[in-house]
Amino acid sequence: MYMVDRQKYGRAIEDLENDMLKKRKDAFPSNMSDACKLLNGYRNKYGSRRHMSHVNVTWTQVPEDILQRYRDVVVAIDIMAINEIPFMVSISRHIHFGTAELIRNKTKKTLLTSMEQIVRAYHARGFRVTTVLADGGFECIRNGLADMGITLNVASRNEHVPEIERYIRTVKERVQAIAVLLPFAKYPPRLIAEMVYNVVFWLNSFPHNDGVHATISPRTLITGLAID
C-alpha cells in the first residue's frame, strides 16, 4: 500500500478517477512508480489548476443609460443599534445599495467621517449624492454635508425616514435568523458586526425588484465587483 501526494496530483487524481468511472475500471497501479507515471501523464494532458487563469470579477463601468437617469442619488441614513452596538446604516433610492459601518460613538466627527466614506463610494462610480434623508439626530452634520454640496433633509419631530427604517428592520430580521442558528448563548460585538456585514453583503449582491437594472446588482453598480 502507498500514499499519493494529493496536493501535488489533486487535479490529476480527479481526472483519473473520472476516466476510471467512465470506462468502468477499478484497477489503480499497484506500485508508487507506476502511479506517479500515470498521474504525471494526466497532469501533462489536462494541465494544473495552478496555471488556470482567475475569474474576472470586475464590472468595467456603469452602463451609460443608468448614469444618465440615476446619476443624482438620494441617500437615507440612520443609526441602527443591536445589543447597544451602534451602526451607521444607509440605503439609496432607486439603486438600493445599502451600507453598514460599526461606529464608536454618535459624535459629529464620527457621523461626518462615515458619511464621507459613503459619498466617496458613489462618486467613484460616476454617481453623485445630492440629498441625504435623516432624522433630527443628524442635524449636527448639516454644515459638513453642505460643504460637500449635499442637502440634508431632516424629518419632522417624532417622524422617521421610511426607506431606512424598512432597511434596518430587514437587516435586523436577517441577523436574528443567523443568530438563532449559532450554538452560542452570548454573542461578542465582533461576531454581531460580522453578521451585520454578511447580511448587507448579500442584500447588495442580488438585483433589487425595484432597482435600476434587472440583472446588475447594487454591489456591482457601486463597487464594480460581481459574484462569480
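Bear in mind that the values in this text are calculations on the coordinates, not laboratory data. Bear in mind the structure is a predicted one, so any value in this text is a computation, not a measurement. Positions of Cβ are backbone-derived with ideal geometry, glycine not excepted, and every protein chain shown enters the neighbour counts.
What to note about this one:
- Top-ranked residue in the range 187-206 [being β-branched (Val, Ile, Thr) and under 15 Å from ILE91 (Cβ atoms); ranked as surrounded by the most Cβ atoms within 10 Å (Cβ to Cβ)]: VAL200
- Flag: HIS160 matches the condition of being under 21 Å from LYS106 (Cβ atoms), surrounded by 13 or more Cβ atoms within 10 Å (Cβ to Cβ) and touching a strand residue (DSSP E or B) at 6+ places or on another chain (Cβ under 9 Å).
- Cβ separations smaller than 6 Å between residues 6+ apart or across chains give the following pairs from the range 201-228 residues that are among the β-branched types (Val, Ile, Thr) to residues that are outside any loop (DSSP other than H, G, I, E, B): VAL212/ILE66; VAL212/TYR70; ILE222/ALA121.
- Among the residues of the range 167-186, the one identified as charged (D, E, K, R), surrounded by 13 or more Cβ atoms within 10 Å (Cβ to Cβ) and within 15 Å of PHE87 (Cα to Cα) is LYS172.
- Number of residues in the range 122-142 that are buried (at least 16 other Cβ atoms within 10 Å of the Cβ), among the small types (Gly, Ala, Ser) and either part of a helix (DSSP H, G or I) or on the phi > 0 side of the Ramachandran plot (or both) equals 0.
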